[in-house]
Amino acid sequence: PAKDEVEEWSSVFGEVEEVFRLPLATKASSKTSLAAEKGGSKEDQAKEVEEEDEPTQQGYVLFKKHSGAKACVDANIGAWSESERALSWQRGGHQADRRHAYPENVVSCIIGKQGVDINELRQACGLRRIVLRGETCGDTTYSKRLHVSGEGDDDALAKLRPGLEKRLAQIHTEIRAHVAKLGGGGQDPPGFSSAMAQEAGLLPALPPWSFILHVDQLKMPRRPRPGDAVETDREVFVQRAPAKDEVEEWSSVFGEVEEVFRLPLATKASSKTSLAAEKGGSKEDQAKEVEEEDEPTQQGYVLFKKHSGAKACVDANIGAWSESERALSWQRGGHQADRRHAYPENVVSCIIGKQGVDINELRQACGLRRIVLRGETCGDTTYSKRLHVSGEGDDDALAKLRPGLEKRLAQIHTEIRAHVAKLGGGGQDPPGFSSAMAQEAGLLPALPPWSFILHVDQLKMPRRPRPGDAVETDREVFVQRAPAKDEVE
């Protein structure tokens, strides 16, 4: 829709948030070069190319609500945005594991492992360069929607579209198979998470001698227990995660459940796997032998829609506040990163240590071959988006890991208790922390010699655009005199 049509679209389907028309020139073809060869001014060259190009009316319409987009699709005016669905897996925060139309990361599928698939496509088409771009995928100068960009002659570009369409058809075929396996019948997937993929057996088996240990599986005797958690705490860790047919009951008792993630049944591929393989026999017999020795865990995480639901669950002694959620809250971007935290410390950074010193010392002390910290916004999340350690080592090394981690976590929690007390929480009831509060209490480190910090709003900006009405996401102002504590009210 054009500018003067947006209001009509909003009244017919639902409020429109944004319209993005595809750029009129999405290809700098040989016509541009030919026009340049003919000579003349740049304006004449541009005019000649523009006259030969039919301006496209294609574009994206982002609605405020799902219902508006659905009404538009139901009226056969538009189709669901493949770009939005593909990029949904790229976004951080709870969004990354909340609801997806596809159980597959389309962006990763197009690129392939270590860029193999997209590089093969480049070579097959004879392109000089090709990259995948879009929101959270590098440069978004031309568009935030998912697109390919690159360089090549007209023959190469002619091969690109059918090549991409072929690859997308393969990906969609794989997605249909996964949807069917997850119980969606290949048609109406209800939204996917790694928990559902795990349940359907789509997660890869752990390599030999490797392990996964979630932070909430550790003993935490020194953990700060604030009387009232902050309103961003919505997740609990439970010893027995509800089954599918119990979720509705949990929702009615505590509050609406958004997601249940059961810890993977096999969080350690120990020597048992290797020993079973040494005995010989079929893979099925080997798997059965290991499975019979393993007790399936019922532990897991329950993420509620609202803080009140999680609080009701904790108050009933059914679960404990998720240490994973609290630790990872410092990893998230935007205002969230500085908004509300149950702890005034970044637990992830404390475990890793400066330049990885602390976690490397732990690896050496335990005799592990490899150890990494994983979770949402912390690298690979194939097995779990909750905070966990993953790595490789023999049984003796793994036996030392748990007490080693518990000791380090106890040290971190002791430091946090001291910070809470310094911030006025008495070591018991912190009201939620931000770096501003830490700074006020003198907890931020001093700047090294010859270093500096200069905020963008301290600069003069005479050419800054001044929109009549700011957008609804603008919530922050820069002032010459910030209010003191007693002036905030």
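The values are calculated or read from the model by the stated rules, or taken from the named source; none is laboratory data. Fair warning: this is a prediction, and the values are worked out from it, not measured in the lab. Cβ placement follows ideal geometry from the backbone for every residue including glycine, while neighbour counts extend to all protein chains displayed. To get the accessible areas, we keep the full protein, side chains included, count just its heavy atoms, and leave off ligands, DNA and RNA. Shrake-Rupley method; radii C 1.70, N 1.55, O 1.52, S 1.80 Å.
Exceeding 25 Å between C-alpha atoms, which entries from my cross-link table qualify? They are K219/K244; K65/K144; K354/K385; K219/K400; K219/K306; K113/K144.
Violating the 25 Å limit, Cα to Cα: K219/K244; K219/K306.
Search the structure for amide H atoms under 5 Å from the amide H of E259, placed 1.01 Å from N in the peptide plane, and list their residues when 5 or more places away or on another chain.
When sequence neighbours closer than 5 places are left aside, the close amide H contacts are L303.
Order Y102, Y60, Y142, Y301, most accessible first, counting only protein heavy atoms with a 1.4 angstrom probe.
So, going from the largest accessible area down, we get Y142, Y60, Y102, Y301.
Would the range 101-155 count as rounded, prolate or oblate if I go by the C-alpha gyration tensor, calling it rounded below 1.5 in a/c and otherwise prolate when a/b exceeds b/c, oblate otherwise?
oblate
So, R0 is 22 Å and r is the distance between the beta-carbons of R240 and M220; what FRET efficiency does that work out to, to 0.05?
Efficiency for this residue pair is about 0.70.
For a Förster distance of 25 Å, can you work out the FRET efficiency between the beta-carbons of V19 and T136, rounded to the nearest 0.05?
0.75
Report the residues of the range 146-171 in range of a label on R128: point 7 Å along Cα→C-beta, backbone N strictly under 14 Å from it.
Under cut-off, by backbone N: 150-157.
Note down the accessible area of R176, probe 1.4 Å, to the nearest 10 Å².
Number for this one is 150 Å².
Relative to the present Cα-Cα distance, how much length would full extension add between S252 and S349 at 0.36 nm per residue of separation?
So the extension gain works out to 31.2 nm.
Can you tell me the length gained on complete extension of the stretch A312 to D153, counting 0.36 nm per residue apart and subtracting the Cα distance?
Gain on stretching A312 to D153: 51.0 nm.
As a test of reading the structure, rank R223, R475, R363 by solvent-accessible area (1.4 Å probe, protein chains only), most first.
R475, R363, R223
What order do V347, V253 take when sorted by accessible area (1.4 Å probe), most exposed first?
V253, V347
Subtract the Cα-Cα distance of Q299 and R464 from 0.36 nm times their separation in residues, and report this length gain in nm to one decimal.
54.1 nm
Calculate the FRET efficiency for T414 and H66 from the Cβ-Cβ distance with a Förster distance of 51 Å, rounded to the nearest 0.05.
In this case the efficiency is close to 0.65.
Ignoring ligands and nucleic acids, what accessible area does T232 show with a 1.4 Å probe (Å², nearest 10)?
For T232, solvent-accessible area is about 40 Å².
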